[in-house]
1. Working only within region 235-266, note down all residues that are in contact with a helix residue (DSSP H, G or I) (Cβ under 7 Å, 6 or more places away or on another chain), assigned to a helix (DSSP H, G or I) and under 21 Å from Gly166 (Cβ atoms).
2. I'd like to know if region 217-226 contains one or more residues that are open to solvent by less than 40 Å² (accessible area, probe 1.4 Å) and more than 16 Å from Met173 (Cβ to Cβ).
3. Determine which single condition Phe257 fails, assuming it passes every other condition in (1) farther than 17 Å from Pro208 by Cα; (2) in contact (Cβ under 8 Å) with a residue 24 or more places away in the chain.
4. What do you reckon, is Gly178 open to solvent by less than 30 Å² (accessible area, probe 1.4 Å), under 19 Å from Thr278 (Cα atoms) and over 19 Å from the mean Cα position of the chain (by Cα)?
5. Tell me, which residue of region 181-213 that is assigned to a helix (DSSP H, G or I) and among the β-branched types (Val, Ile, Thr) is most open to solvent (accessible area, probe 1.4 Å)?
6. Could you tell me whether region 99-113 includes any residue that is open to solvent by 30 Å² or more (accessible area, probe 1.4 Å) and at pLDDT below 70?
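The values are calculated or read from the model by the stated rules, or taken from the named source; none is laboratory data. Model, not experiment: these values are computed from the prediction. Every residue, glycine as well, gets a Cβ built from its backbone with ideal geometry; the counts of neighbours run over all protein chains shown. Each accessible area value is taken on the protein alone, full model and side chains, heavy atoms only, with ligands, DNA and RNA left out. Shrake-Rupley method; radii C 1.70, N 1.55, O 1.52, S 1.80 Å.
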Amino acid sequence: MNPLTLAVTRPIQWVAMDLGLRSLVLGLLMGLIVGNAYRWGVLRWRQPENDLVRPMTFSLVGMVAAAGVAAYWLMRQPFSLHTTFMAIMRAPLQLTNDVWRLIDFSILNGLFTWGGSLGPIPNSGSQSLVAGENLAAVLTTPGWHLPHPLTEQTVIQTYVNMGGPGMTLGLLMAIFLGRRNAAQRRIGWLSLVPVLGNFNAPLLLGLPVVLSPILGIPLLLAPVACIGTSCLFLGLHWVPATAYPLLTGTPGPLLAFLGTSGAWTPVLLAGVNLVLSTAIYYPFVKWANLADQLVKQGEAS
């Protein structure tokens with residue numbers, strides 16, 4: 001019932017009508033589902049293989065509780081929470097010639113990928129504008145002088161998203177270097193062609209990388225490291241910046257070569273980033289293998 005109509009002088013108004021016998025059946029069904037889910041969760045929680053998961057679960061609960069307290073405090077402050085949230089979300093997308101904005105964009109993209117939002121963040125109006133200005137400068141003026149050498153297209157799309165968001169081509173190479181886990185290598189071979197076309201959903205879901213507390217760390221670190229090397233090479237004019245837009249399915253190692261009209265020095269930078277990302281992913285892949293072995297040993301015991 002509506003609590004506002006409980007006054008003596010006002011008639012009682014019901015918010016919803018009784019569903020009759022169907023409501024009783026629905027209530028029994030929901031009780032059965034909730035009870036069995038609770039029973040299953042308690043049994044799973046007590047199993048030995050979950051010893052590694054319990055500390056992570058407690059940490060996650062603590063982080064969610066802290067975020068809830070912070071959100072409650074922000075909502076009590078005299079400003080619009082919706083406006084602040086939208087400003088924070090849009091800030092990394094308004095890219096300028098600034099390496100820190102590129103890092104913000106990469107971390108935001110990585111967090112979305114780790115949370116299950118597969119695929120890169122779509123381009124904003126400002127990104128399309130600077131990409132058009134770079135292309136116009138190459139087509140209308142002699143030489144290769146771009147007005148915006150550090151953009152989402154020239155850095156992230158070309159050198160940081162090889163294999164998809166998170167520089168997952170390096171993850172694939174790290175899997176092939178670690179020869180002990182047959183399941184990971186099988187997933188790697190099945191994901192080879194999509195990852196070469198910068199589509200990494202099979203790899204992210206097959207390992208899995210999505211919501212993985214171990215592989216989620218290099219998913220953020222590898223792109224940031226590749227942004228640093230790419231901006232250094234571009235800032236020192238060791239490599240030309242890419243200007244030609246390319247399709248999403250273009251193989252990652254060829255993006256730099258085709259985007260600069262056939263220059264070979266960007267291919268060397270792409271190789272450096274691939275080696276760097278593989279080196280970052282490799283110890284975390286070994287750590288994930290160790291965690292899988294501990295789980296299997298617990299199941300066997």
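1. Within region 235-266, Gly252, Pro253, Leu255, Ala256, Gly259, Pro266 meet the criteria.
2. Within region 217-226, not a single residue is open to solvent by less than 40 Å² (accessible area, probe 1.4 Å) and more than 16 Å from Met173 (Cβ to Cβ).
3. (2)
4. Working: open to solvent by less than 30 Å² (accessible area, probe 1.4 Å): yes; under 19 Å from Thr278 (Cα atoms): yes; over 19 Å from the mean Cα position of the chain (by Cα): yes.
The answer is yes for Gly178.
5. Once the filter is applied, the top-ranked residue is Val193.
6. Within region 99-113 (the criterion being open to solvent by 30 Å² or more (accessible area, probe 1.4 Å) and at pLDDT below 70), the answer is no, since none of the residues qualifies.
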